[in-house]
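Trainee: Dumping the structure here so I can ask a few things about it.
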Amino acid sequence: MRELQNNEVEMISGGWTTSVNDTIEGTAWGLGDGLTTGIAIGGTATSSGGLGFGVIAQAVGGLLVGPLVGGIFGTLAGAIFGKDEVKATLAHYRENIHG
């Protein structure tokens, strides 16, 4: 087997980051985008339940669980796959789940 060139690695769907700068940029972008996606979807996915339990569910989903899960996913995905891949993945997720 031969070693892949950098442009061949970038053309592979879901390829790893190619440099430390890509990893750092992807991590920062993934953290921010994951947090905001988690807040947006966590608050709307738990909107039913009436005045009492609905408010509690939205607070827990939108302020605790959503940002935590979104932030962890975004950070790890950004570090592994880079900014462009995590940006496209989270945009697709928001479009299909939230929209």
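Trainee: Please enumerate the residues belonging to the range 64-79 that are aliphatic (A, V, I, L, M) and within 14 Å of residue 28 (Cβ to Cβ). Step through it out loud before you land on a result.
Mentor: As a first pass, look at the range 64-79 and keep what is aliphatic (A, V, I, L, M): 64-65, 68-69, 72, 76-77, 79.
Of everything in the range 64-79, those that are aliphatic (A, V, I, L, M) and within 14 Å of residue 28 (Cβ to Cβ) turn out to be 76, 77, 79.
Trainee: Would you confirm, using the coordinates I've provided, whether residue 41 is touching a His at 6+ places or on another chain (Cβ under 9 Å) and of a type outside the set (Lys, Arg)?
Mentor: On the way: touching a His at 6+ places or on another chain (Cβ under 9 Å): yes; of a type outside the set (Lys, Arg): yes.
Against the criterion (touching a His at 6+ places or on another chain (Cβ under 9 Å) and of a type outside the set (Lys, Arg)), residue 41 qualifies.
Trainee: Give me the pairs: first residue in the range 80-94 and farther than 13 Å from residue 37 by Cβ and surrounded by 18 or more Cβ atoms within 10 Å (Cβ to Cβ), second residue modelled with pLDDT under 90 and aromatic (Phe, Trp, Tyr), beta-carbon distance under 9 Å, and six or more apart or on different chains, which are they?
Mentor: From the range 80-94, the pairs are 81/16; 82/16.
The values are calculated or read from the model by the stated rules, or taken from the named source; none is laboratory data. Values in this document were obtained by computation on a predicted structure and should not be read as measured data. All Cβ positions, even for glycine, are placed from backbone atoms using ideal geometry, and neighbour counts span all protein chains on display.
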